[in-house]
Amino acid sequence: YLASPFYRIFAVAPEPGKVKWTYDTHAVLKRLTQPELTSRGAAYWQVASPEAGRSCQKMVYVGTMDAKLHAVDADTGTLCPGFAKGGILDIDQWNKPDAKWPQSILQPPNVYKDTLFIGWAGKDWANKATPAGHVFAVDARTGKRKWTFNDVYEQDRANTGTANVRAAMSFDRA
């Protein structure tokens, strides 16, 4: 599974290397938060024991410049309707502390068991004041938010910022 800078996902069969399906987010192709269009990849998740013939047992996720996370069936490339609203999660709905800075999901979420860890990037390089930053954990099946981690303490937000996630994250399972 590959993601393009234009927020499309391609499923490529290893043998013979042909495209099986393509999914287009139809995202607005404008530089809303970054100086250029950027996508740092897609993420993959599957249930512990997939059942044959059931859709969305395996999903591929891609984010967009306008803060949308799309979840598509890994076998067909169609949106998974049980994830968020019709297969698309708008993380800007949770952007309360930093609402004046729009968010972008340019890096793929980290996947661990049934949780997606979503970082974001924003237009934090253009102004003296910057967003504090945070990470969201959501249910991989439904897109329902489990928790938010704020990177900067509330009392320190006036003095610092830009603690958001700019690239792929890693984690220690222990």
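The values are calculated or read from the model by the stated rules, or taken from the named source; none is laboratory data. Predicted model only: the values in this text are computed from it and were never measured. Note: ideal-geometry Cβ built from the backbone for every residue, glycine included; neighbour counts use all protein chains shown. Quick note on the areas: whole protein, heavy atoms, side chains included, nothing else; ligands and nucleic acids left out. Shrake-Rupley method; radii C 1.70, N 1.55, O 1.52, S 1.80 Å.
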Within region 40-75, residues at pLDDT below 90 and either within 13 Å of PHE10 (Cα to Cα) or assigned to a strand (DSSP E or B) (or both) come out as GLY41
When residues of region 143-170 are filtered for being modelled with pLDDT under 80 and open to solvent by 80 Å² or more (accessible area, probe 1.4 Å), how many remain? 6
Look through PRO109, PRO81, PRO50 and report the one residue that is surrounded by fewer than 18 Cβ atoms within 10 Å (Cβ to Cβ) and within 22 Å of LYS146 (Cα to Cα). PRO81
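Are any of the residues in region 26-39 at pLDDT 90 or above, buried (at least 23 other Cβ atoms within 10 Å of the Cβ) and under 22 Å from GLY133 (Cβ atoms)?
Among the residues of region 26-39, not one is at pLDDT 90 or above, buried (at least 23 other Cβ atoms within 10 Å of the Cβ) and under 22 Å from GLY133 (Cβ atoms), which makes the answer no.
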Is it the case that some residue within region 124-137 is in contact with a Leu (Cβ under 9 Å, 6 or more places away or on another chain), more than 21 Å from SER4 (Cβ to Cβ) and modelled with pLDDT under 75? no
